[in-house]
Structures are given as structure tokens and as C-alpha cells.
Amino acid sequence: MRPIIINQVVLCLQFFLRLKDIVSGGELSRILLSIRQTLSTKDLISIFLFDEIDSGIGGETALNIGKALFKVALNSQVIAITHLPQVAHSADKLIVVSKDYELDNSTTTKRTLSQIKEVFGINKDKEIKAMLALN
């Protein structure tokens, strides 16, 4: 079996370009997802992190990305960072990361405060509905 090369692509069968030079981060994540979806039952890699996988997409495409992530997660651990409710809806665990700013009175500079919380059940549904309102 020949190895799959994902860092190059053939154009017009005349020259090679590096895939990372012609696609965005989101497109590269979606290419990796499609390969992972195909190979996940036969591969030994068990943890995948997808960042920017929802960049530049929405609607039906986002639903399909969510379904594909769910399918890969049946045989592996998948962590996906998303801003789209269509993708978040497919998750069995939803972790919300938010940030706020606080003014440091002694130096008059802003300090970033990050908060992380896992949401369950009805709170998960509320969070996804809030994401719908933002998108």
C-alpha cells in the first residue's frame, strides 16, 4: 500500500505545490478530517485536535463536519475548537471557554480573565442556542 501524502498536491499533472502554501488552516483541518474519517478504524492514532475546522463554513456544510467529527470520535478521542452551533451540537461533551477583561487600577492596563466550564443537559442546549444567536 502506498503512503498518503497530505503536504503536497498535484496541479495539472505538471508541478507540485505544498498544500500548506495554498490552503487555509480551516481547509487543511477539513482535509485531515476527511482522511481521518476514512482511516480512523484502521489507524493507531487515537487523539485528534481540530482547530479552525469551521473557518469559512456554515449551514449544511457545518452539519456535515459535525457528523464527520462524531464518526471519527467513535474510534478515537476528538477535540474540536468551534464557534458554530452545528458542529458543537454533535459533541457529547461541550466545554465553553470565555474571556473577559479586568482593569488593573495600579497600572491602568487590561488583564485577560479566562473561564472554562463544562455544560451538560439543558445547559448544553442553552449554550448551543446562544451560539445560534451569535451566528
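Bear in mind these aren't lab numbers, they're just calculated from the coordinates by the rules spelled out. Since this is a predicted model, take the numbers as computed values, not measurements. Neighbour counts are summed over all protein chains in view; Cβ atoms, including those assigned to glycine, are modelled from backbone coordinates with ideal geometry.
Fewest first, what order do 83, 89 take by the number of other Cβ atoms within 10 Å?
83, 89
What order, most packed first, do the peptides 56-65, 99-108 have when packing is the mean number of other Cβ atoms within 10 Å of each residue?
Output ranking for 56-65, 99-108: 56-65, 99-108.
Among all lysine pairs in segment 28-134 that are eight or more places apart or on different chains, how many have alpha carbons less than 18 angstrom apart?
The number of close lysine pairs in segment 28-134 is 12.
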